[in-house]
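Single-structure report; data block below.
Coordinate-derived values only; no laboratory data. All figures in this text were calculated on a predicted structure; none of them were measured in a lab. When we count neighbours, we look across all protein chains shown, and the Cβ atoms used for this are built from the backbone with ideal geometry, even at glycine.
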Amino acid sequence: MLKNNFLDFIKIYCMSGDGGSGAVHFYRKKFFYKGGPDGGNGGIGGNIIIKGNPQIDTLIHFKKKIYNKAMNGSSGNKNNMTGSNGKDLILDVPLGTVIKDEQGKILLEIINNKENILFKGGKGGLGNGNLKNSINKTPNYAQKGILGVGGWIILELKILADIGLIGYPNSGKSTLLSLLTNAKPKISNYIFTTLIPNIGVLYYIDSNIKIVDIPGLRCIGNRFLRHVERNKILIFIIPADTNDHNNEYKILFNELKFYNKKILEKKKILVISKYDKINNNLKKSIIKNIPKDLPYIFVSSITKEGLKELKNQLYIMINES
């Protein structure tokens, strides 16, 4: 489960290191007064590198790290000595993080733990030892290093999970997550929605299936819908004792459609929670109104009825996808 310090959107400043300046120097030795130029080149500036870290699920650590600057390269020295390169600055982000510029253009999408260069460090300037030529054999100047590049960027986390749980507050999403996975979300009869996504892993047969509980769509839930974009399967959860099951499903469906209609191309399954609260007549009435192409399962967290069937169905759907 994610902690209360969850953060999935932040703007930070990044700048790669400047290249070091080349050196101006002439070889000097006792009894040897007319040595040629031997000023070395400047070192390369450090890169800004983004790396996916599967051990973190939040961007909260950037709250105290808004400004990020890689090290500059050192200046060149005599005897054609090249300056040392600036150290790269590696920024760890959760898997699923999208990096954008201020205009919203995607620069990187982090889906594994490989290192990705976001901003390259500036090149070091040439020393006068490398600027001599047939016309000017003793240049008394050197190049300055190239400045680093960077600017303000936006980090937007879209949690990488196989399955997303969709539903209103008190629909039973957190309870279902705790029954299917190792997650321990705080469960109570809140009138408001969970404030953060919760994540758990369903270990079943030979699969580790990652499931995310998206905060209820009423109130603040819509801003978390970005986390649904990477799911392979959506579980719509509607309580058995709600007044109008078909209407509640349509509302959930349309909210997703309004956000991004491509989301609805994903595989879907309907879970009717709190099954222990209804009788067979009401069950038949509910089934009658479920869309014909939508698979469904009745589940009770009290009696555990339907849980094994749901696990089997999810396992099949994940392997098919």
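Summarising the strand pairing of the chain, around 55 percent of its internal DSSP beta bridges are antiparallel.
Charges on Cβ only, +1 for Lys and Arg, -1 for Asp and Glu, centred on the Cα centroid of the chain; of I297, G150, P37, which one is farthest towards the dipole's positive end? After comparing all options, I get P37. Compared with the dominant principal axis of the Cα atoms in the chain, helix 307-320 is inclined by about 40°.
When Lys and Arg each count +1 and Asp and Glu each count -1, what net charge do the other residues less than 13 Å away from G45, Cβ to Cβ, add up to? Charge balance in the 13 Å sphere: +3.
Within the shell defined by Cβ-Cβ distances under 14 Å, the residues around L126 carry a net charge of +2, with Lys and Arg each +1 and Asp and Glu each -1. So if I take the centroid of the Cα atoms in segment 17-64 and the same for segment 231-306, what is the distance between those two points in Å? Cα centroid to Cα centroid, the span is 59 Å. What trypsin sites (Lys or Arg not before Pro) does segment 63-125 have in DSSP loop regions with at most 14 other beta carbons within 10 Å? Here the trypsin sites (Lys or Arg not before Pro) that fit, given the DSSP loop and packing criteria, are K65, K105, K114. Per-residue packing, averaged as other Cβ atoms within 10 Å, sorts the ranges 265-273, 252-260, 237-245 into the order 265-273, 237-245, 252-260, beginning with the highest.
Each Lys and Arg Cβ is given +1 and each Asp and Glu Cβ -1; about its Cα centre, the chain then shows a dipole of about 1000 debye. Each Lys or Arg adds one and each Asp or Glu subtracts one; over the other residues with Cβ under 15 Å from the Cβ of G22, this totals +2. Modelled spin-label separation between K100 and K34, with each label point placed 7 Å from Cα along the Cα-to-Cβ direction: 6.6 nm.
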